[in-house]
1. Compute, for the chain, the length of the dipole vector about the Cα centre, with Cβ point charges of +1 (Lys, Arg) and -1 (Asp, Glu) only. Units Debye, rounded to 20.
2. Given N residues in segment 2-194, what is its alpha carbon radius of gyration divided by 2.2 N^0.38 Å?
3. Mind jotting down the three principal axis lengths of segment 70-143 based on Cα atoms? Whole angstrom, largest first.
4. Can you tell me which of 94, 47, 163 moves the most in a GNM of the chain? Springs connect C-alpha atoms under 10 Å apart.
5. Could you compute the FRET efficiency for residue 169 and residue 119, with r as their C-beta to C-beta distance and R0 at 22 Å, rounded to 0.05?
6. Counting pairs of alpha carbon atoms under 8 Å apart in space and at least six apart in sequence, what relative contact order in percent does the chain give?
7. Per residue of segment 23-29, what does 6.51 cos²θ - 1.76 cosθ + 1.60 with θ = phi - 60° give for ³J(HN,Hα)? Whole Hz please, x for Gly and Pro, Karplus curve as stated.
8. R0 = 35 Å: FRET efficiency of residue 109 with residue 70, Cβ-based, nearest 0.05?
Amino acid sequence: MKRTGFAILTLLSLGVAGYALVVYGFLPLGAALHPEMRATYESQRFGIYAHVFAASFALLLGPFQFSSRLRARHPDWHRWSGRLYLGFGVLLGGLAGLYMAFHAWGGPVARLGFGGLALAWLYTGWRAYRSIRARETAAHRRWMVRNFALAFGAVTLRLWLPGSLFAGAPFEIAYPLVAWLCWVPNLVVAELVFNRRPHG
Ligand code: HEM
């Protein structure tokens with residue numbers, strides 16, 4: 001069950017990161033989006049590309065950081081991948097995400113939702129970094145769990161949004177709501193499921 005859960009989480013993360021890299025790497029900007037979002041992205045090309053490419057990197061690398069086998073067998077891989085995850089994925093992806101939050105579709109509720117997510121992502125990344133520099137491994141693990149739960153918001157957003165549209169919510173209601181739903185419950189699950197027991 002634990003292995004199956006981990007495999008599902010990894011596949012979903014790789015799937016969304018792959019989607020983002022292919023769509024933003026090869027298709028015209030905003031091809032698959034609401035026309036107003038496309039217009040915003042056209043005027044914020046640097047912000048959206050920096051965000052999508054850096055944040056996708058975090059989503060690609062993140063799941064493997066939790067594999068104890070990989071950490072034990074290849075500690076250098078864990079270290080370098082962690083530096084890339086935090087220094088490129090979270091830092092650049094989070095700062096560009098924060099910038100894009102000011103331009104997000106869906107008005108102030110959506111903007112505050114994405115802005116809160118960006119700040120929480122940057123903050124938890126900073127705490128994870130500080131704790132490992134101080135050799136506090138248990139604290140590092142807890143902050144990384146929170147940090148990746150927030151990165152996983154990119155996956156849960158793409159589950160909540162079609163789910164709410166399917167349930168009959170109009171897009172202009174669903175989108176701002178999902179800007180919060182995609183990450184607040186993730187943090188709760190991270191604390192209740194993955195951070196409850198002390199780990200080394
Ligand atoms: C965890 C912190 C994150 C924050 C704060 C954040 C924030 C944002 C914001 C504000 C937008 C613009 C939304 C709009 O215009 O309405 C956006 C779009 C986008 N983000 Fe993120 N994001 C985060 C994580 C990620 C991750 C990990 C990925 C990895 C795939 C990602 C991929 C995308 C993509 C592909 C878009 C363009 C919309 C689409 O094509 O679906 N984001 N993000």
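1. On the way: 20 positive and 6 negative charges, 226 e Å.
Charge dipole, the chain, about its Cα centre: 1080 debye, nearest 20.
2. Values: Rg = 16.5 Å, N = 193, 2.2 N^0.38 = 16.3 Å.
With N residues counted in segment 2-194, Rg over 2.2 N^0.38 Å equals 1.02.
3. 47, 19, 16
4. 163
5. Values: r = 26 Å, r/R0 = 1.20.
Once rounded, the FRET efficiency stands at 0.25.
6. Working: 217 pairs, mean separation 36.7, N = 200.
RCO, the chain: 18 percent.
7. 5, 7, x, 10, 9, x, 3
8. On the way: r = 40 Å, r/R0 = 1.13.
Rounded to the nearest 0.05, the efficiency is 0.30.
None of the figures in this text is laboratory data; all of them are computed from the coordinates on show. This structure is a prediction, so every number in the text was calculated from the model and none was measured. Cβ coordinates were reconstructed from backbone atoms using ideal geometry, including for glycine residues, and neighbour counts include every protein chain displayed.
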